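A short write-up of the structure that comes next.
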């Protein structure tokens with residue numbers, strides 16, 4: 001089986017949202033490998049001295065039954081101007097696998113756009129690397145059925161900052177902005193695309 005992955009943001013040496021990552025890590029090991037033994041992510045996170053003073057470091061933890069590798073790199077915010085709608089009723093990504101061949105197939109369809117907006121069974125789900133948050137000028141909404149229920153998305157749901165709803169392609173006209181969020185991207189980072197820049 002392909003390795004699984006937890007991507008954790010480390011800010012000035014401190015791992016962010018660690019409880020959410022631990023919960024998904026535990027659930028994935030239990031469901032896929034029937035592992036119930038405690039394995040704490042915090043005990044495996046030790047940024048190199050050269051990166052510990054940075055505000056945004058990506059920590060990648062690759063694992064199966066046990067943690068197999070931990071990697072670190074400086075992270076810079078992506079710049080996005082447009083998204084292309086791609087339709088893929090067949091796509092499945094219920095666990096955060098390190099191998100992402102199906103998502104890469106869809107990403108390759110972006111053409112001149114910066115990333116893709118994946119539509120499954122008529123509903124908007126995710127971008128190739130992030131969950132989505134739609135802003136209508138007043139409230140923030142997220143697809144009720146993402147491909148992968150991300151840790152940042154879950155935290156924002158728990159905080160009551162985003163509202164889960166079904167969003168169809170025809171509903172895009174009701175929104176102004178689409179924010180991309182993941183473990184490295186906060187809503188406040190403002191990585192977003194105008195809904196007028198969605199390519200059909």
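The values are calculated or read from the model by the stated rules, or taken from the named source; none is laboratory data. None of the values given here were measured: they were computed from a predicted structure. Cβ placement follows ideal geometry from the backbone for every residue including glycine, while neighbour counts extend to all protein chains displayed.
Results, tabulated for the structure shown:
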item: Some residue of region 149-161 being closer than 19 Å to residue 83 by Cα and either at pLDDT 95 or above or in contact with a helix residue (DSSP H, G or I) (Cβ under 9 Å, 6 or more places away or on another chain) (or both); result: no
item: Strands (runs of 3 or more DSSP E) enclosed by region 49-111 - at least 3 residues per element that are more than 28 Å from residue 170 (Cβ to Cβ) and out of contact with any helix residue (DSSP H, G or I) (no Cβ under 7 Å at 6 or more places or on another chain); result: 57-63, 67-74
item: Sole residue being free of Cβ contacts under 8 Å to residues at least 60 places away in the same chain, touching a strand residue (DSSP E or B) at 6+ places or on another chain (Cβ under 7 Å), surrounded by 14 or more Cβ atoms within 10 Å (Cβ to Cβ) and within 21 Å of residue 195 (Cβ to Cβ), chosen from 113, 168, 127, 144; result: 127
item: Tally, over region 5-25, of residues that are out of contact with any strand residue (DSSP E or B) (no Cβ under 8 Å at 6 or more places or on another chain) and farther than 17 Å from residue 72 by Cβ; result: 4
item: When residues of region 136-184 are limited to those that are in a strand (DSSP E or B) and farther than 23 Å from residue 89 by Cβ, the one nearest to the chain's Cα centre (by Cα); result: 182
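For every residue, the table says whether it meets (1) within 21 Å of residue 25 (Cα to Cα); (2) surrounded by 12 or more Cβ atoms within 10 Å (Cβ to Cβ); (3) not assigned by TED's automatic domain parsing to the domain that holds residue 186.
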position	(1), (2), (3)
35	yes, yes, yes
38	yes, no, yes
41	yes, yes, yes
46	yes, yes, yes
53	no, no, yes
58	yes, yes, yes
63	yes, yes, yes
70	yes, yes, yes
